[in-house]
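These notes are about the structure you will find just below.
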Amino acid sequence: MEVMWSILLLCSFLFLQHSASAQVCKISNIQIDSEDGRQQYIELNLKKVDVDEEGSCPGCNLSEDSKARAYQYSQWTATPPTFNLVFTPGEIILECDSSDGYSPLPFGLCSKSASSKEGTCGSSSCELNDVEDLAEVIEEKNLIPLRTGDEKLDHRIARAIVLLNIGNVDKAIDEFTAVIESEPGAAVAYFGRGAAYARQGLQHPLVARRALADFNKAIQLDTGGSRPDIYVHRAEVLMMLQHFHDAYNDATTALKVKPMPKIYFLRGVISLLLENFSDAENDFRKNLQCSDEKIQSLSHFHLGLALYYRGKVRNAIEVFKEVLKQNPNHLEASLSLAQGFKELGNIKAALAKFNTTLNLQANYSMVYQLRGNMIFQNGDPASAILDFQKCLEVDSTSAGCQYMKGAANVMQGRFYEGLKDTTKLMVSSAPVIKASPEYIKAHYLREYARYLHSRLDTPITSIQPDADFSPEYLDHWVKLKPFDFKNYKEQPGLQPDVGDVQPLKEIPPHLEPLLCRAEALGRLSQVSVDGILPNRRLNLAMGLASIHMAQYFETKWKAVKASKAGSHDKIIHSWRELFTIGVHYRQIASLDQPFLWVDSLPDYKSKDGYRSDVPFVRGSVSNSKVKPYFELAFKLAKTMLEHYSGEGAVQYPGLKEDIARAATCEDLLSVARRRQINPHGFLVSTQVPSMLRQQDDHRLDGGVLVLTEDISQRIVFALNIASTADRTASYSAEMDHLLTLLQDEIRKLSSNKVSDVEAIVSHILSIAYYFYNLIPLSKGSSAVAYSVMLGLLMSVGRQITGRIPHGRLLDMEAMLAGAPEAFVMVARNWMAVKKCSVPVSSLPRVWEVLPTVRSVLEVLAANTTLCPH
């Protein structure tokens, strides 16, 4: 959206309760004129990032708790398949990797020539005379790195190099050690012995440390820094020891001495491990025209991975296509392309490419796991189980497939099988499984499955984990902390007199109109956004929720209409009653995740509150889900930075031009530092106008746009929402006020006057606006809010006929709308609200035909594909 800005400034110094020194510059009436003529006003406050004694600040780092938290955007990064890149230790002689000017190189100098040698001197055997002859040739061609100047020692070094390259590693180590004993200052001997240790296998920590010690000594002795080989070898060891920053520095040092494709590739891989995906992309691009076909192919593929991790999935897809054109049998590129299509929500293309990958390698467990995950997320756990079973047949140790098989069984109501699957994970003693997130998740899934099973034959309103589990348990579950509680009493085991859910073989005729209508409603709520898959099961559940709410509130409105005009009696007393039914259906749609009211969580009662983060950018990674909203948020931050005039802020010539030129978050943070606002960054807090206290020009706390660096010094630009008791109380007052107005309008509603309904529609959408901004659930607030809007509108004889445009999200629209009126206008435009063609009263009452958790789970597993679309 192209925008023009007109700004009225009102700057003042406000003292915040938590920081006596925090300065605020209030900018009122930021006006955004869109191409369609719409005007939008956003009110903001800017203040410095407030850093506490421990060096942390609100929103400064996407904390581990925040990343684990199940808010709808916590899983925001596009994640391609992971592959084991096997690094074979490099050649001891750098010329072996770049033979320009040295061709032909003598046999024995390079390991790759020795491995292909036929005859008496290949593999790991060689006659003594042959070794001596080969060593002499290396000496004559002056190819010994860092010569000692002693002919005897240099000959022994040449001989050790030959022994190493023909595979006789132990003898090579003995030769290098002998040289060191004779001449402790021989850098080449330490270098050679370090390379020999590396050939023994860097996966062994003791061997890796020995190699590292020798490379350190070689670099110490090579005061001239003439050989980049040593830095390359040490970088490989450091990478295996997970000392990635040191490895990166060594690779950079080697490139300064001798730029080579292999070293660029090595540094690119290290950058991937450091999550410096932009740097990785740059290094891989340098090798696209490389003459070494192997390095070129590896770099091309890893360029696709770097783009994928950066959130540039569409660009990555094009790279993977190019790789496959060059090599149609490239297994990893084929699988990555399938995952890329899945990321874009293109299920058909993803399935085709997953199947192609299986044709390349039939027993590839990762394909079954990723395809199963996609089918599961698409809302078909029954079909997903087949892939998870196949995955476990190929790899019985796969924690991911074992957990997902259990989750898929629980989702279908097959609790006995689901608990067997989770128990297999929980009793495993394998360190790799116990260290996996699935091991932790299995504990919570088992407890929740037991809880649900005991309530199968009760109404869905009986599912109240917020009240039935302790706050400590809920906190651990939401943050996926280890399952270790003091005095926790486990849920009772499955009772034999309570059977599992039996799937419906076919939809009963009396339920068909209800389920088909629910599916149609659910499709209306499906967003079309990169990174979010269409979910048939979720759509059906929330469609049922909308009908349930419509029928329930329709009866309530009759009671409202029967009350005396002007009495202001409340039939519905709290806004939460509007949303409770939707929350229950959201909980039952996805039984493997916690959907909780945040006021039940311990963080809610803390000073900082319960945090929900919507990242736009972290480091070089952009969040594709909210990409359409980045430009607006970025311009808001630029505007606030330009006009901030707090204590200590520096005004300098060219400030306006610097901000205008700022194209990245790094650029903007650099300007903030030059203005000396704060080296850590700044926060821009949005303001939400009050409808209850409109005459007082009252404002509620909205979200906080944060521009700073995280603990790893990566740029973070995010929208942070902190749920506290005070904030919730203010939003509750707004929604209760609107609920009162809604009931007053319904009380005087005349069914034959459309104009009477317009105010009701506005009240319903305004309630949703405040709900979206509040984010009162740990996860799933957006889906619940939309289902409530659908249900409330149908309860007054109106229906939504429009779809949410591609790339747009109603919750983000609400949080960046600036005012309820702006949101209502956008929502009305998208929803195309019309009179109901089929009144909900003509459908069976949901709570009568689906009276229990069991009955709802039965229909969620039903095949509704035959419904007319």
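The values are calculated or read from the model by the stated rules, or taken from the named source; none is laboratory data. No experiment lies behind these values; they were computed from the predicted model shown. Note: ideal-geometry Cβ built from the backbone for every residue, glycine included; neighbour counts use all protein chains shown.
The test for being touching a Gly at 6+ places or on another chain (Cβ under 8 Å) and part of a loop (DSSP other than H, G, I, E, B) does not hold for LEU445. Residues that are of a type outside the set (Asp, Glu) and either surrounded by fewer than 16 Cβ atoms within 10 Å (Cβ to Cβ) or within 19 Å of GLN220 (Cβ to Cβ) (or both) within the stretch 241-250 comprise LEU241, GLN242, HIS243, HIS245, ALA247, ASN249, listed in sequence order.
Every test in (1) in contact (Cβ under 8 Å) with a residue 12 or more places away in the chain; (2) more than 21 Å from the chain's Cα centre (by Cα); (3) in a helix (DSSP H, G or I) is passed by LYS558 save one, and that test is (1). Looking across the stretch 448-497, the residues that are in a loop (DSSP other than H, G, I, E, B) and among the acidic types (Asp, Glu) come down to ASP457, ASP484, GLU490, ASP497. Considering the stretch 539-578 alone, what residues qualify as being within 30 Å of ALA384 (Cα to Cα), of a type in the set (A, V, I, L, M, F, W, C) and in contact with a Ser or Thr (Cβ under 7 Å, 6 or more places away or on another chain)? Across the stretch 539-578, the qualifying residues are LEU540, MET542, ALA545. Out of curiosity, is LEU221 within 27 Å of SER291 (Cα to Cα) and buried (at least 17 other Cβ atoms within 10 Å of the Cβ)? For LEU221, the condition - within 27 Å of SER291 (Cα to Cα) and buried (at least 17 other Cβ atoms within 10 Å of the Cβ) - is not met.
When TYR416, TYR403 are checked against the criterion of being of a type in the set (Ser, Thr, Tyr), out of contact with any Pro (no Cβ under 7 Å at 6 or more places or on another chain) and in contact (Cβ under 8 Å) with a residue 60 or more places away in the chain, a single residue qualifies: TYR416.
Here are LEU452, LEU514, LEU474: which of them is in contact with a Ser or Thr (Cβ under 7 Å, 6 or more places away or on another chain) and surrounded by 20 or more Cβ atoms within 10 Å (Cβ to Cβ)? Sole residue among the options that is in contact with a Ser or Thr (Cβ under 7 Å, 6 or more places away or on another chain) and surrounded by 20 or more Cβ atoms within 10 Å (Cβ to Cβ): LEU474. In the set (1) surrounded by fewer than 19 Cβ atoms within 10 Å (Cβ to Cβ); (2) farther than 19 Å from LYS441 by Cβ; (3) out of contact with any Lys or Arg (no Cβ under 9 Å at 6 or more places or on another chain), ASP395 fails one condition alone, (2). The criterion of being buried (at least 20 other Cβ atoms within 10 Å of the Cβ) and β-branched (Val, Ile, Thr) does not hold for ILE711.
Within the stretch 826-869, restricting attention to residues that are of a type in the set (D, E, K, R) and more than 33 Å from the chain's Cα centre (by Cα), the residue that is surrounded by the most Cβ atoms within 10 Å (Cβ to Cβ) is ARG845.
Residues that are crowded, with 16+ Cβ neighbours inside 10 Å and touching a Leu at 6+ places or on another chain (Cβ under 7 Å) were ranked within the stretch 325-334; the one that is farthest from VAL527 (Cα to Cα) is HIS330. Residue count for the stretch 190-205 satisfying the condition of being over 20 Å from ILE166 (Cβ atoms) and either over 39 Å from the mean Cα position of the chain (by Cα) or of a type in the set (Val, Ile, Thr) (or both): 1. Sub-9 Å Cβ pairs linking a first residue in the stretch 821-839 that is more than 13 Å from ILE800 (Cα to Cα) to a second residue that is among the aliphatic types (A, V, I, L, M) and assigned to a loop (DSSP other than H, G, I, E, B), at least 6 apart or interchain, are PHE823/ALA817; VAL824/ALA817; MET825/ALA817; VAL826/ALA817, ordered by first then second residue. Take the conditions over 27 Å from VAL269 (Cα atoms), touching a Ser or Thr at 6+ places or on another chain (Cβ under 7 Å) and among the small types (Gly, Ala, Ser) and apply them to ALA172. Does it pass? Considered against the rule, which asks whether it is over 27 Å from VAL269 (Cα atoms), touching a Ser or Thr at 6+ places or on another chain (Cβ under 7 Å) and among the small types (Gly, Ala, Ser), ALA172 comes out as no.
Which one is farthest from the chain's Cα centre (by Cα) among residues in the stretch 284-300 that are under 13 Å from HIS330 (Cβ atoms) and surrounded by fewer than 15 Cβ atoms within 10 Å (Cβ to Cβ)? So the residue we want is GLU293. For LEU692, the stated conditions do not hold, so it cannot be described as under 29 Å from ARG618 (Cβ atoms) and not β-branched (Val, Ile, Thr). The condition (being over 23 Å from PRO261 (Cβ atoms) and part of a helix (DSSP H, G or I)) is satisfied by just one residue among TYR190, TYR231, TYR248: TYR190.
When ALA565, ALA559, ALA589 are screened for being modelled with pLDDT of 95 or more and of a type outside the set (Val, Ile, Thr), only ALA589 passes. Flag set for GLU745, criterion: surrounded by fewer than 21 Cβ atoms within 10 Å (Cβ to Cβ) and over 29 Å from the mean Cα position of the chain (by Cα). Criterion applied to GLY345, GLY311 was being surrounded by fewer than 22 Cβ atoms within 10 Å (Cβ to Cβ), at pLDDT below 95 and not assigned by TED's automatic domain parsing to the domain that holds HIS806, and the one residue passing it is GLY345. Inspection of the stretch 383-393 finds a residue satisfying the criterion of being more than 20 Å from the chain's Cα centre (by Cα) and of a type in the set (Gly, Ala, Ser). I'd like the full set of residues that are assigned to a helix (DSSP H, G or I) and either touching a residue at least 60 places away in the same chain (Cβ under 8 Å) or within 18 Å of ARG147 (Cα to Cα) (or both), limited to the stretch 197-215. Within the stretch 197-215, ALA198, ARG199, ASP214, PHE215 meet the criteria. Might you check whether a residue that is surrounded by fewer than 19 Cβ atoms within 10 Å (Cβ to Cβ) and not in a helix (DSSP H, G or I) occurs anywhere in the stretch 398-416? No - not one qualifying residue is present in the stretch 398-416. Put simply, of TYR604, TYR644 the only residue that is touching a helix residue (DSSP H, G or I) at 6+ places or on another chain (Cβ under 8 Å), among the aromatic types (Phe, Trp, Tyr) and not assigned by TED's automatic domain parsing to the domain that holds GLY345 is TYR604. Among the residues examined, ASN359 does not qualify as free of Cβ contacts under 8 Å to residues at least 12 places away in the same chain, in contact with a helix residue (DSSP H, G or I) (Cβ under 6 Å, 6 or more places away or on another chain), farther than 29 Å from GLU858 by Cβ and assigned to a helix (DSSP H, G or I). The residue that is surrounded by the fewest Cβ atoms within 10 Å (Cβ to Cβ), among those in the stretch 362-392 that are outside any helix (DSSP H, G or I) and touching a residue at least 60 places away in the same chain (Cβ under 8 Å), is ASP380.
Restricted to helices (runs of 4 or more DSSP H) entirely inside the stretch 777-869, those with at least 1 residues that are over 14 Å from LEU521 (Cα atoms), in contact with a helix residue (DSSP H, G or I) (Cβ under 6 Å, 6 or more places away or on another chain) and of a type outside the set (Gly, Ala, Ser) are 810-815, 820-831, 846-849, 853-860. Against the numbered list (1) at pLDDT below 95; (2) touching a helix residue (DSSP H, G or I) at 6+ places or on another chain (Cβ under 6 Å), ASP421 comes up short only at (1).
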